[in-house]
Amino acid sequence: MTLFGLQYPINDKITFSLAVIEKRRSLLLTDDKLVKFLSDYEKAFENTQKAMREIGMSDICCDCAINTGGSCCGEGIEDWFDSALIVINLLLDVNIPEKRMVQNGCWFLGETGCLIKAKHTLCINYLCKRLQQDISPDKLQYFQKCMLHETELLFYMEEKIKEILRGEPLSDIYKKH
Ligand code: SF4
Ligand code: SF4
């Protein structure tokens with residue numbers, strides 16, 4: 001049994017994803033399409049980050065987090081993550097927190113912001129009222145174009161990982177269920 005799906009506790013999804021990486025990393029990385037997606041994703045991620053800086057979004061979010069505690073990375077958002085998304089982060093050498101670092105915050109939130117790269121679409125395309133008010137529509141449109149490419153690649157990678165592992169006996173990976 002695999003732990004793909006949203007219904008499992010985040011602890012179990014992380015344990016499963018770490019085991020997938022430990023036991024099937026090389027299998028995943030023999031898939032040329034997945035390797036290409038990962039490489040394209042690194043570029044798309046950097047591109048979105050660059051767009052966020054260029055249009056002033058990074059500064060606004062930083063100010064919001066420091067001065068008002070932010071409000072968009074609350075506890076429970078991690079439940080929208082599928083294990084495949086956690087596997088993607090691990091393939092990108094991201095360290096997944098072993099416990100919640102910020103009280104009432106998302107599992108993946110650290111003291112200085114989000115600790116992971118591959119985020120849920122909800123996180124990537126969220127535009128709060130302040131961002132909508134403070135950033136011009138044409139700049140937001142530019143950002144949305146970048147983030148759309150990033151979210152597309154995440155979707156392709158999630159599907160690819162599930163496809164590769166679907167044909168695999170996984171009893172050595174996760175014995176709990
Ligand atoms: S998206 Fe909005 S609420 Fe979230 S940190 Fe940025 S400014 Fe604050
Ligand atoms: S994954 Fe990152 S961006 Fe998304 S809610 Fe959690 S801390 Fe915030």
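The values are calculated or read from the model by the stated rules, or taken from the named source; none is laboratory data. Just so we're clear, the structure is a prediction, and the values are computed from it rather than from any experiment. Cβ atoms come from the backbone with ideal geometry, glycine included; neighbour counts cover every protein chain shown.
Tell me, yes or no, whether segment 134-152 has at least one residue that is within 22 Å of GLN7 (Cα to Cα) and more than 14 Å from ligand 1 (Cβ to nearest atom).
Taking segment 134-152 and keeping what is within 22 Å of GLN7 (Cα to Cα), we get 151.
Right, trim to more than 14 Å from ligand 1 (Cβ to nearest atom) and you get 151.
Within segment 134-152, one or more residues are within 22 Å of GLN7 (Cα to Cα) and more than 14 Å from ligand 1 (Cβ to nearest atom).
Taking ASP31, is it away from ligand 2 (no atom under 16 Å from the Cβ), of a type in the set (Asp, Glu) and more than 23 Å from MET147 (Cα to Cα)?
The answer is yes for ASP31.
Please go through segment 61-80 and pick out each residue that is closer than 16 Å to MET101 by Cβ, in contact (Cβ under 8 Å) with a residue 24 or more places away in the chain and surrounded by 12 or more Cβ atoms within 10 Å (Cβ to Cβ).
Going residue by residue through segment 61-80, those that are closer than 16 Å to MET101 by Cβ are 65, 69-70, 73-78.
Filter again for in contact (Cβ under 8 Å) with a residue 24 or more places away in the chain, leaving 65, 73-78.
Of everything in segment 61-80, those that are closer than 16 Å to MET101 by Cβ, in contact (Cβ under 8 Å) with a residue 24 or more places away in the chain and surrounded by 12 or more Cβ atoms within 10 Å (Cβ to Cβ) turn out to be ALA65, CYS73, GLY74, GLU75, ILE77, GLU78.
What are the pairs with Cβ atoms under 9 angstrom where one residue, in segment 123-134, is under 19 Å from TRP80 (Cα atoms) and the other, located anywhere, is among the acidic types (Asp, Glu)? Sequence gap at least six, or different chains.
ILE124/GLU150
Just name the residue that is farthest from ligand 2 (Cβ to nearest atom) out of those in segment 44-81 that are among the aliphatic types (A, V, I, L, M) and in contact with a strand residue (DSSP E or B) (Cβ under 9 Å, 6 or more places away or on another chain). Before you say what the answer is, go through the steps one by one.
Start the filter on segment 44-81 by keeping residues that are among the aliphatic types (A, V, I, L, M), which leaves 44, 51-52, 55, 57, 60, 65-66, 77.
From what is left, the residues that are in contact with a strand residue (DSSP E or B) (Cβ under 9 Å, 6 or more places away or on another chain) are 65, 77.
On the way: ALA65: 10, ILE77: 4 Å.
Only one residue fits best here, namely ALA65.
Among GLU54, GLU42, GLU111, GLU78, which is the only one that is more than 17 Å from the chain's Cα centre (by Cα) and away from ligand 1 (no atom under 15 Å from the Cβ)? Steps first, please.
On the way: GLU42 fails: more than 17 Å from the chain's Cα centre (by Cα); GLU111 fails: away from ligand 1 (no atom under 15 Å from the Cβ); GLU78 fails: more than 17 Å from the chain's Cα centre (by Cα).
One residue alone meets the criteria, GLU54.
Quick one: which helices (runs of 4 or more DSSP H) sit completely within segment 94-177 and have at least 1 residues that are at pLDDT 95 or above and either surrounded by fewer than 11 Cβ atoms within 10 Å (Cβ to Cβ) or in contact with a Phe, Trp or Tyr (Cβ under 8 Å, 6 or more places away or on another chain) (or both)?
Values: elements: 121-124, 129-134, 137-166.
The helices (runs of 4 or more DSSP H) meeting that bar are 129-134, 137-166.
Considering (1) in contact (Cβ under 8 Å) with a residue 12 or more places away in the chain; (2) out of contact with any helix residue (DSSP H, G or I) (no Cβ under 7 Å at 6 or more places or on another chain), say which one PRO137 fails and leave the rest.
(1)
Consider MET147 carefully, then state whether it is in contact (Cβ under 8 Å) with a residue 60 or more places away in the chain and either on the phi > 0 side of the Ramachandran plot or of a type in the set (A, V, I, L, M) (or both). It would help to see each step written out before you state the result.
Working: in contact (Cβ under 8 Å) with a residue 60 or more places away in the chain: yes; either on the phi > 0 side of the Ramachandran plot or of a type in the set (A, V, I, L, M) (or both): yes.
So MET147 passes the test.
Restrict the check to segment 83-90 and report whether at least one residue is at negative phi and touching a His at 6+ places or on another chain (Cβ under 9 Å). Reasoning before the result, please.
Start the filter on segment 83-90 by keeping residues that are at negative phi, which leaves 83-90.
Of the ones still in play, those that are also touching a His at 6+ places or on another chain (Cβ under 9 Å) are 85.
Yes: segment 83-90 contains one or more residues that are at negative phi and touching a His at 6+ places or on another chain (Cβ under 9 Å).
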